[in-house]
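The values are calculated or read from the model by the stated rules, or taken from the named source; none is laboratory data. Since we're looking at a predicted model, the values are computed, not measured. All Cβ positions, glycine included, derive from the backbone under ideal geometry; neighbour counts span all protein chains shown.
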Amino acid sequence: MTSNQNNEESFAQAKIFIENHSKFVLLSHARTDGDDLGSILALTETLKSYGKTGIPVAVGGVPPSLKFLHGQNNVLDHFPEGEFDAIILSGCGDINRTGIPDLEKKGLPILNIDHHPDNKKYGAVNVVDATKSSVAELVYDFIKFLGTPITQEIAKSLLTGIFTDTGSFMHSNTTESTLKAAGEMVGIGARTDKIYSFTYNKDISSLKAWALAMENTKIDEENKLVFSILTEEDIQKIRELPDDAFTGFINFLQSVPECRVSMFMYQDGEYIKGSLRSEEDKNFNVSKLAKFFGGGGHKLASGFRVKGKVIKTENGWRIE
């Protein structure tokens, strides 16, 4: 039985959820990315086919690299005022990942759509499939189930999600179903070359940030770990650093062949943001390490964001 067949029951429940409500808030996780922003924008357009209203929200706003997506100018960075009767969450394994305080206390039913294996299934309806490359691929399957049109703009949003969450189709989460979905999006008019040019091209400040991160890269040969760490002092050396400046850097670290695990950490205000990667044949579950810091994700791709400060010492780095 395919994952699509396994999802038919949850898809049917999600369809009823949409039919039974009128005005939705669609939430990405805070500091959104291509997958989750693309997913909520695609769903916002899809709701129109049902005569429904959807307001997309991403705490922290839309990164510059994603401002080419249709509907991004309608994305709010806070929970909207007014009357709403339902919430749709994209890519939030934990409800707190939205960055909206006390979201549960709003008392609105939640449709939870995610592909993270550690999702807590907190929704009234949960559409969760960890076999999918991305939330966008899962949303693609759901829209196909609904039978509503996939316009060129929806296709662009979905392909952006799939493209970015698979590392340009280079990660091991890229499957036959992923490529089939991407192929249909291309056939509708979405273009991988345009998506690449927006999501991976770097301005001069981002290039300087990467150069500094590369300069700080170390290898722990005993543990087969390649890592780079940037302190607050490092970050302050680069002015006007875009929010998505380090997008893709962890994948660069993972290209070191002799290492099992790559890790990138940097100071982000009063928080430390970390990314972890491994590969299927290297037999290391990075989600366990991410959970140690209060984060989570997939076996081969995880992350965390923890309050604290990273300090460089004579013997390395420590977290305070």
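Numbers for the structure displayed
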| item | result |
| --- | --- |
| Any chance PRO117 is of a type outside the set (S, T, N, Q), touching a His at 6+ places or on another chain (Cβ under 7 Å) and either assigned to a helix (DSSP H, G or I) or surrounded by fewer than 22 Cβ atoms within 10 Å (Cβ to Cβ) (or both) | yes |
| Search result, residues across segment 14-36 that are farther than 12 Å from CYS92 by Cα, out of contact with any strand residue (DSSP E or B) (no Cβ under 6 Å at 6 or more places or on another chain), assigned to a helix (DSSP H, G or I) and not basic (Lys, Arg) | ILE16, ILE18, GLU19, GLY34 |
| Any hit, segment 206-215, residues being aliphatic (A, V, I, L, M), in a strand (DSSP E or B), in the same structural domain as PHE264 (by TED's automatic domain parsing) and in contact (Cβ under 8 Å) with a residue 24 or more places away in the chain | no |
| Residue that is nearest to THR32 (Cα to Cα) [pool: residues in segment 79-111 that are touching a Lys or Arg at 6+ places or on another chain (Cβ under 7 Å) and not acidic (Asp, Glu)] | GLY93 |
| Any pair with Cβ under 6 angstrom, 6 or more apart, that starts in segment 118-139 at a residue that is under 28 Å from SER168 (Cα atoms) and ends at one that is part of a loop (DSSP other than H, G, I, E, B) and among the basic types (Lys, Arg) | LEU138/LYS132 |
| Any hit, segment 41-54, residues being among the aliphatic types (A, V, I, L, M), without any contact (Cβ under 8 Å) to a residue 60 or more places away in the chain and part of a helix (DSSP H, G or I) | yes |
| Residue in segment 268-278 that is assigned by TED's automatic domain parsing to the domain that holds ILE311, more than 22 Å from GLU320 (Cα to Cα), outside any helix (DSSP H, G or I) and of a type in the set (Asp, Glu) present | no |
| Cβ pairs under 6 Å, 6+ apart, first in segment 297-315 and more than 9 Å from ASN285 (Cα to Cα), second of a type in the set (Phe, Trp, Tyr) | PHE304/PHE293; ARG305/TYR271; VAL306/PHE293; LYS307/TYR271; VAL310/TRP317 |
| Residues being under 21 Å from LEU241 (Cα atoms), buried (at least 17 other Cβ atoms within 10 Å of the Cβ), touching a residue at least 60 places away in the same chain (Cβ under 8 Å) and among the hydrophobic types (A, V, I, L, M, F, W, C) - total across segment 55-80 | 1 |
| Complete set of residues in segment 160-188 that are surrounded by 13 or more Cβ atoms within 10 Å (Cβ to Cβ) and not in a helix (DSSP H, G or I) | THR166, GLY167, SER168, PHE169, HIS171, SER172, ASN173, THR174, THR175 |
